[in-house]
Structure formats: C-alpha cells, structure tokens
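Where a number appears in this text, it was derived from the coordinates with a stated rule and is not lab data. Only a predicted model underlies this, so the values are computations on that prediction, with no experimental measurement involved. Note: ideal-geometry Cβ built from the backbone for every residue, glycine included; neighbour counts use all protein chains shown.
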Amino acid sequence: MPNFTLYYWPVPFRGEFVRALLAHAGATVDEPDSDAVSAMMDMDPREQPVPHMAPPLLVDNASGKAIAEMPAICLWLAEQFNLTPSEPHQKARALKVINDANDVLDEMTLNGGKTMWTTESWTHFLPRLRRWMKIWEAAVVQDLLSANQNELGYIATGTLWGTMTERLPQLRALLSAEAPNVATLVEQARSQGALSAQAEESRKRFGNVWCGGEIEKSLREVVQG
C-alpha cells in the first residue's frame, strides 16, 4: 500500500508542491482519478477524512490522518520529514515561502478563475508579477531562503517558479531578468535528484498543462501576446 493518498486534479498547480515533497522524502503516493476527487468534494463534511472545500487533500494511509489546503499539507510533510529548520523564526520564514507561493498561484489564476484574463488585465498585473519575482530574489540574495536543498523553502521555490516557467516558457526571460538568482536556484533544484525525477514524471503525466481549464486558456493567450 502506498504511504499516502493524494486527492487532486490531474494537473501540476497546487498538487505539484505536495508531489515534490513526497518525492524528495522518498514516499509513495496513490492519486485517485478525477471522479474520486469530485466525490470527495461532494461528501458530507462530517464524513470526509478532514472537513474541506476543495483539493488538495492528503491522507496518511498508515495512520488515517488527513489534512487539506496546500500550505498546511506542505507544513505537515515538512515536519514529518525534517524539511523545516528547528529555529522558530527560520521555520516561520519557510512557512512564509509556501504561503507566498500559494498567493502567487491565486493571483496567476485570478482567484481560481472567477474571471478570465484579458490583455488589459494582464498588462495591469505584470508589475505585480515582477514584484513577486523581486521579493523572491531579495530573499535569496539576503540569504533568507535557505540554500539547503533539504528544506521546504528551497523545494517550494523550485516547484513554483520551475513549473510555472516550464509550462509558460514566455515567462522564463522575465524571471531571469527580475530574479536571476532565483532562476539559477530553480535550475539547480530541478536538474538533479528526486526533484528532477519528479519533474520529469510530471511532464509525462500532464504534458504542457499547468492549472487547466478556461483560466489556463485565457492565461496562455495573454502571455503569448
């Protein structure tokens, strides 16, 4: 039996952070199909493994314990597999990275596709995306993001910017210009070891898809110009 069961859609997006941490830890995982994910969402909250609105949901198959929400799952795994610093302030900084990543995902998809991208809205958003990149760059330059490859902040950074710029290659030049040290870290993180293998598996499973749906279609249209 796999160590964990991950309920998430067949796309990278938020699920990719969970997959990356599990791969890094050498843990095995089963991913039920979309029908099972939908059924889990529709279940009475009192009957769910943990009450939640939407995936990702991760279940530890040995203990039966479960948690939802991407940042909470990542913290849970990082604590289990010793991927967070022991010092409280450093641990909080690592948690900030995963929460910032979650914010970037929300903003890139206009809060889950509540509206679609237009040329005007994308042009208005670009300065904010550049600022997010600069925030990450400042964290790397100031050594606020651990260079330790076994820590949550490093893995989350590689997963966020690596997956995004791979699926949306038009953004690679922007990341390199605004955050060259982040671009280097991303390349390092995803070119070796378990994270490299996990990234390759993701390419095989999901192809060029990033977040999926109509919101990805509109995002690609504006990114491609």
Item to check | Neighbour-count order for SER202, SER86, SER196, fewest beta carbons within 10 angstrom listed first | outcome: SER86, SER196, SER202
Checklist outcome for this item: When the charge dipole of the range 4-80 is computed with +1 on Lys and Arg Cβ and -1 on Asp and Glu Cβ about the Cα centre, the Cα farthest towards its positive end, among ALA72, PRO45, TYR8, belongs to ALA72
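Which net charge results for the neighbourhood of ARG167, defined as the other residues with beta-carbon distances under 11 angstrom from its beta-carbon, given Lys and Arg at +1 and Asp and Glu at -1? Intermediate results must be reported in sequence, preceding the final value.
Numbers: positive: ARG172, ARG203, ARG220; negative: GLU16, GLU166, GLU216.
Result for the local shell: 0.
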Checklist entry - Of TRP136, THR109, VAL18, whose Cα points farthest to the positive end of the dipole of the chain (charges on the beta-carbon: +1 Lys, Arg; -1 Asp, Glu; origin at the Cα centre)? => result TRP136
Item to check | Computed label-point distance, nm, for sites ALA197 and VAL223 using a 7 Å Cα→Cβ extension | outcome: 2.8
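What ranking, highest mean first, results for peptides 105-116, 72-83 when packing means the other Cβ atoms within 10 Å averaged over each residue? Walk me through the numbers on the way to the answer.
On the way: 105-116: 14.7, 72-83: 19.7.
Highest-to-lowest ranking by the protection proxy: 72-83, 105-116.
When averaged across all projection directions, what area in nm² does the alpha-carbon convex hull of the range 115-225 cover? Each step should come with its number before you reach the end.
Values: hull surface 28.4 nm².
Hull-based average projected area comes out at 7.1 nm².
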Next on the checklist: Among SER218, LEU152, GLY207, whose Cα projects farthest towards the positive end of the dipole of the range 151-225, with charges put on the beta-carbon of Lys, Arg (+1) and Asp, Glu (-1)?
Outcome noted: GLY207
Checklist outcome for this item: Here Rg/Rh (Cα, Kirkwood) for the range 4-80 equals 0.93
Checklist entry - What list of ³J(HN,Hα) values in whole Hz, one per residue of the range 12-27 in order, does the Karplus curve 6.51 cos²θ - 1.76 cosθ + 1.60 (θ = phi - 60°) give from phi, with Gly and Pro shown as x? => result x, 6, 5, x, 5, 5, 5, 4, 5, 5, 5, 5, 4, 7, x, 8
Next on the checklist: What would the Debye equation give as log₁₀ I(q)/I(0) for the chain at q = 0.16, 0.17 Å⁻¹, counting only Cα atoms as equal point scatterers?
Outcome noted: -1.16, -1.31
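Mind putting a number on the dipole of the chain about its Cα centre? Charges go on the C-beta only, +1 for Lys and Arg and -1 for Asp and Glu, and I need it in Debye to the nearest 20. The partial results should precede the final answer.
Working: 20 positive and 28 negative charges, 107 e Å.
In total the dipole reaches around 520 debye.
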